[in-house]
1. Out of the residues in segment 120-153 that are exposed (fewer than 14 other Cβ atoms within 10 Å of the Cβ) and over 22 Å from Gln229 (Cα atoms), which is farthest from the chain's Cα centre (by Cα)?
2. Answer yes if at least one residue in segment 154-168 is modelled with pLDDT of 90 or more and surrounded by 14 or more Cβ atoms within 10 Å (Cβ to Cβ), and no otherwise.
3. Can you find a residue that is free of Cβ contacts under 8 Å to residues at least 12 places away in the same chain and within 42 Å of the chain's Cα centre (by Cα) anywhere in segment 56-67?
4. Can you find a residue in segment 213-228 that is modelled with pLDDT of 75 or more and under 16 Å from Ile70 (Cα atoms)?
5. Across segment 66-111, what is the number of residues that are out of contact with any helix residue (DSSP H, G or I) (no Cβ under 9 Å at 6 or more places or on another chain) and closer than 25 Å to Ile124 by Cβ?
6. Assess whether Ser89 counts as being small (Gly, Ala, Ser) and at pLDDT below 90.
7. For the subset of segment 170-202 comprising residues that are in contact with a helix residue (DSSP H, G or I) (Cβ under 9 Å, 6 or more places away or on another chain) and within 15 Å of Phe143 (Cα to Cα), which member is modelled with the lowest pLDDT?
Amino acid sequence: MSGNKKSQAGFTLVEIIVVLGIFSVLVVVILNVFILALRSQRQAAFRQQTLSNLRYIVETIAKQVRTSEIDYSYPYDKDGDNGIVGAESELYLKDSDGNSSAYYLKNGELYLTSNGQDSPLTNINDIKIVTLSFFIAPSTNPFTEERCNAAVTPNGCQPTISCTVDDSSNVTFKTGFCLCTQNQDCATNNCDTTDRVCLPPDVQPRVTLVLGFESAQLRPEDIKRIYLQTTATSRIYKR
């Protein structure tokens, strides 16, 4: 009788509860690990997609710079100062057909203005642009002094240097060329010693773009600021 009772003994209620508790803890741990891995994978995929999209935008801007002229006629004053001084928050371009376009930052979004039409290139709900800087060199149109310029005294050329055409009626832009014998005679510092006239400077305008952004669909502790940078050389300005 005692042997039969001993052989029929099973798990006690306490043992069953302990086993279920351990199993529940393991299930919770495994689910948390799975959820964290899935969340990390989604964040990585979102970050990679965002980075790819912004790289495409940056390369598109660089490509347009290479095929356009930097428009120096705009005041470049959205950063609080007039003219191109250091980092600018806007860039104005003009293509070979005379079409104008501008890139600028507005409320955390990158905008493109093309022939007066504004369109956002990024969405604030996906990413926030925190830095948009254009470093434009040179800071002034390098080709304005190719011909005699009324802004240069006394006669549109450097002091003691004559202009090939004495166009005193034109107060804004002279039509002739400044004469020279050496580079120092020219405002452009570029003298053709054969023809003895001042030439445009031997420099090509270029733009360095710095774009910084943060992903919007992440927890605050997961937000990282990423920067993209590229440099593009503008084509020769119309003369």
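1. Thr153
2. No, the conditions are met nowhere in segment 154-168.
3. Checked segment 56-67: at least one residue is free of Cβ contacts under 8 Å to residues at least 12 places away in the same chain and within 42 Å of the chain's Cα centre (by Cα).
4. No: zero hits.
5. Number of matching residues: 18.
6. no
7. By that ranking, first place goes to Asn189.
The values are calculated or read from the model by the stated rules, or taken from the named source; none is laboratory data. All figures in this text were calculated on a predicted structure; none of them were measured in a lab. Note that each Cβ is placed from the backbone with ideal geometry, even for glycine, and that neighbours are counted across all protein chains shown.
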